[in-house]
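K.L.:
First the structure, which I've put down as structure tokens, then a few questions once you've had a look.
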Amino acid sequence: MALDALDWLPDDLVLPDDLSPAMKRETLLHHEVKRILEGAERITVPGLDGVEELKTDGQLTLQRRWSFSQRVLSLSDTRLEQRMHPLIPDVVTVARSDDGKVFDPLVIEVTVTNTIDEDRRARIREQGVAALEIDLSMTGGRITRDQLHQLVVFEVSAKRWLHYPGLEEVQDKLRKEMEVGRELQIEAARIAEERRRRIQETPLRELGARYLAAVQRMLEVDGRLPAGTDRDEQLMAAQTAVAISVEEMAQRGFPEAGDEELLGHHRVLSRLLSIKHNRGVGYGFATAAEVLNAIQQSQPGNRHDWTLYLIAAKAYLRNLSDDERVWRWFETWREGVIEAVKRKDFLYLRSTKYDRLLSLLFPEMANGLAHEFGKRPAVPNLVWDEQKRRFVRTFSETTSRPARFLAQDAAPNDPLAGRSAGSMRDWVFKGAELERWKRLNPEAAAAWEPTLKRLGIK
């Protein structure tokens, strides 16, 4: 131990003759550390960190981390064994850090073998002052005066905070934030459950119609309005409506409703809506014939879904055009696609992963979609089924990816979406941002209004 290595005795220290060698060494070490502190102009103190938790039955545990960094404090007005009723600390000083933090006073207790117990620590906390312990029982090996000075002044391995002023307030603030966060979690769960219930009770065809109308609105805003602030705001509102409908459709078993292949610029739904309404939807064309011509001129890799548009044309375009030349062009194209499908040209065979959804959205196309003609053959794939303890045959399908505006979370459909860590109150929109969210989501805003009032958020 450090005290075993001290064989020097200060001139100003007189020890009773009847002290044991161990007590003499302990007293010597205690005295020397206080002398070092009395003359020190600075001291390095350790950092402090911890985690506050809030546990509630049936809920995820909330956690908030707090920390105070290690720092160097300058010392002044240092006194030894000054009474602070009911305490007589070893050292009392005034400590200041470079960032302006002041500990006035800072109490320092030096311990060798008589460690500070919880009762003594509680009495220190009752005083409300900063208190640091230098525990030399944690050191070992031989030690010189210079090494002891280094340990006491510059190192932190033997130091710990007995009381850090302001820590209780920080912990209490974090606990209150977590309590507010828990309320928001419970409220959000209640609103989400109510919304799930409404979605499950809504007829599927009604949800499909709502989804298709939202997609059409988004495509028309994107393709019709010129660039500018008004367009951006209207497009965000339209994308928000689509995002809400995508979530509704996913809850009812249609997760593919958010795919880029369906929702993207000049993609499947834009083309089918253009054919259904015989005008460009998301296209700058006046007629479906012009949209079909643009489709027909697409690259070879984009011909796999051409049969979809031929099915749509048969269902919706009883009169494609009054111009006979347009009819002749269309029939030539149509016959070419049919011939390619008959010879099993893979470029012209479509995936069936959207057929179920498209049959819901475009019921007039359902019979054509049910026909095997033009469908890409499913590729068998053996996959191990752990529950059945055997390989089962599945069928591979191209990987889907969400529409860009959904993947970028450009249109969150509730105030908690897309926010990162911090106070739960900070997760809620405020001011102009909140007002815009209310305009874009009137139904959700009405459900959240009581919570916002309770939190005092405007």
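K.L.:
Please report, in cubic angstrom per residue, the volume enclosed by the convex hull of the alpha-carbon atoms of region 90-164.
P.N.:
Convex hull volume per residue, Cα atoms: 99 Å³.
K.L.:
Something else: Quick one: check the C-alpha center-to-center distance for region 195-209 versus region 285-354, whole angstrom.
P.N.:
Centre-to-centre distance over Cα atoms comes out at 33 Å.
K.L.:
So what does log10 I(q)/I(0) come out to for region 202-411 at q = 0.07, 0.13, 0.16, 0.18 Å⁻¹, using the Debye formula with one equal point on every Cα and no solvent?
P.N.:
Reported log10 I(q)/I(0), two decimals: -0.24, -0.80, -1.15, -1.37.
K.L.:
Something else about it: Can you pull the Kirkwood radius for region 305-353, inverse mean 1/r over Cα pairs, to one decimal in Å?
P.N.:
Hydrodynamic radius (Kirkwood, Cα only) of region 305-353 equals 11.7 Å.
K.L.:
Let me ask something else about it. What pairs in 314/375; 276/375; 276/353; 353/375; 342/375 have C-alpha atoms more than 19 Å from each other?
P.N.:
Beyond 19 Å between Cα atoms: 276/375; 276/353.
K.L.:
Could you work out how far apart the two model spin labels at residue 351 and residue 85 are, taking each label as a point 7 Å from the Cα in the direction of the beta carbon, and quote it in nm?
P.N.:
With each label placed 7 Å out from Cα toward Cβ, I get 8.3 nm.
K.L.:
Right, here's the next one. From the backbone phi of region 319-334, what are the Karplus-calculated ³J(HN,Hα) couplings (6.51 cos²θ - 1.76 cosθ + 1.60, θ = phi - 60°) in whole Hz, Gly and Pro given as x?
P.N.:
10, 4, 6, 7, 8, 4, 5, 5, 4, 5, 4, 5, 5, 4, 4, 4
K.L.:
Could you list 249, 84 so that the one with the fewest beta carbons within 10 Å of its beta carbon is first and the one with the most is last?
P.N.:
84, 249
K.L.:
To continue, here is another question. Quick one: if you stick a label point 7 Å off each Cα along the C-beta vector at residue 392 and residue 183, how many nm between them?
P.N.:
With each label point 7 Å from Cα toward Cβ, the separation is 4.7 nm.
K.L.:
In Å, what Rg and Dmax follow from the Cα atoms of region 264-340?
P.N.:
My reading of the Cα-based Rg and Dmax gives 11.5, 32 Å.
Every number here is computed from the coordinates shown, using simple stated rules; none is lab data. Quick caveat, the model's predicted, so the values are computed rather than measured. Reconstructed Cβ throughout: ideal geometry from the backbone, glycine too, with neighbour counts over all protein chains shown.
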